[in-house]
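So the structure is just underneath, and the comments pick up after that.
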Amino acid sequence: MRPSPTRRNGPGTTAQHALEHLRRAIVAGRYRPGQRVLQEEIAETLGVSLAPVREALRVLEQEGQVVYLPRRGYFITELYVEDLQEIYALRQLLEERAVRRALPTLDHDAIERIALAARDCAEAAERGDVAAELEANRRFHFGMLDSPDQTHTMRLIRLLWDSTEAYRAMYYNSAEERATTVHAHDDILDALRRKDIDEVVAKLDEHRERALRVLTGILSDDG
């Protein structure tokens with residue numbers, strides 16, 4: 001007989017647990033764009049009621065990772081090519097602004113943390129661990145973008161990243177794209193160490209444009 005799942009106490013704790021579970025599932029590619037999210041199944045797996053699962057889904061809906069369809073439930077967000085192009089155009093504008101403000105403030109320790117994220121990303125890519133690579137990739141990029149004086153810019157950048165997380169997980173399933181990402185990070189890190197802001201921006205643009213081409217291909221294949 002299978003033991004009953006352990007229930008977690010406290011609404012905040014259970015909702016956060018459900019949110020973390022759903023984020024991991026999206027990043028790991030267990031949910032594909034357009035797939036329905038089965039609330040009852042998640043609640044049973046986690047040993048919680050439906051309420052924290054719904055709360056977690058509302059958070060993901062605000063981030064653009066899921067959509068709610070009346071009388072049908074929640075589904076992983078599906079994007080069209082035009083959506084993707086708009087998202088990446090906005091990212092280009094906001095991320096250039098962010099990196100130009102943040103880079104002059106990065107000290108040796110900050111750059112080493114970015115370098116560590118790049119190494120973690122490379123090691124995860126070699127293992128084929130998509131979830132770990134995505135987490136390290138995010139640390140790498142946000143390490144050079146984030147600074148205390150641009151809270152609103154960073155909030156918008158995070159929303160844009162979150163809205164394409166399911167697709168990012170899909171293209172990282174390609175060994176070729178994992179390897180390409182590692183090389184791109186090495187080039188960006190080299191420019192970062194030299195504090196060459198224009199080159200950092202140019203390398204980030206190249207990296208982003210390739211991701212856009214790959215994701216556009218995924219959308220075209222799915223269509």
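The values are calculated or read from the model by the stated rules, or taken from the named source; none is laboratory data. A quick note: this is a predicted structure, and the numbers were derived from the prediction, not measured. Ideal geometry is used to build each Cβ from the backbone, glycine not excepted, and the neighbour counts take in all protein chains shown.
Cβ separations smaller than 8 Å between residues 6+ apart or across chains give the following pairs from segment 28-48 residues that are touching a residue at least 12 places away in the same chain (Cβ under 8 Å) to residues that are surrounded by fewer than 19 Cβ atoms within 10 Å (Cβ to Cβ) and among the aromatic types (Phe, Trp, Tyr): GLY34/PHE75; GLN35/PHE75; ARG36/PHE75; VAL37/PHE75. What do you reckon, is LEU134 farther than 16 Å from ASP190 by Cα, in contact (Cβ under 8 Å) with a residue 60 or more places away in the chain, assigned by TED's automatic domain parsing to the domain that holds VAL182 and in contact with a helix residue (DSSP H, G or I) (Cβ under 9 Å, 6 or more places away or on another chain)? Yes; evaluated as a whole, the condition is true for this residue.
Look at ASP129 and say whether it is more than 15 Å from LEU204 (Cβ to Cβ), at pLDDT 95 or above and not polar (S, T, N, Q). No; evaluated as a whole, the condition is false for this residue. Within segment 184-208, the set of residues being out of contact with any His (no Cβ under 9 Å at 6 or more places or on another chain) and touching a residue at least 24 places away in the same chain (Cβ under 8 Å) comprises ASP186, LEU189, LEU192, ARG193, LYS195, ILE197, VAL200, VAL201, ASP205, ARG208.
When ARG127, ARG213, ARG194 are screened for being closer than 24 Å to ASP83 by Cβ and of a type outside the set (A, V, I, L, M, F, W, C), only ARG213 passes.
Can you tell me which of ALA136, ALA117, ALA89 is over 15 Å from the mean Cα position of the chain (by Cα), part of a helix (DSSP H, G or I) and small (Gly, Ala, Ser)?
So the residue among ALA136, ALA117, ALA89 that is over 15 Å from the mean Cα position of the chain (by Cα), part of a helix (DSSP H, G or I) and small (Gly, Ala, Ser) is ALA89.
Note on segment 166-223: among residues that are farther than 23 Å from LEU93 by Cβ and outside any helix (DSSP H, G or I), the one that is farthest from the chain's Cα centre (by Cα) is ARG194. Hey, could you check segment 80-126 for residues that are among the β-branched types (Val, Ile, Thr) and surrounded by fewer than 17 Cβ atoms within 10 Å (Cβ to Cβ) and say which is modelled with the lowest pLDDT? Here the answer is VAL81.
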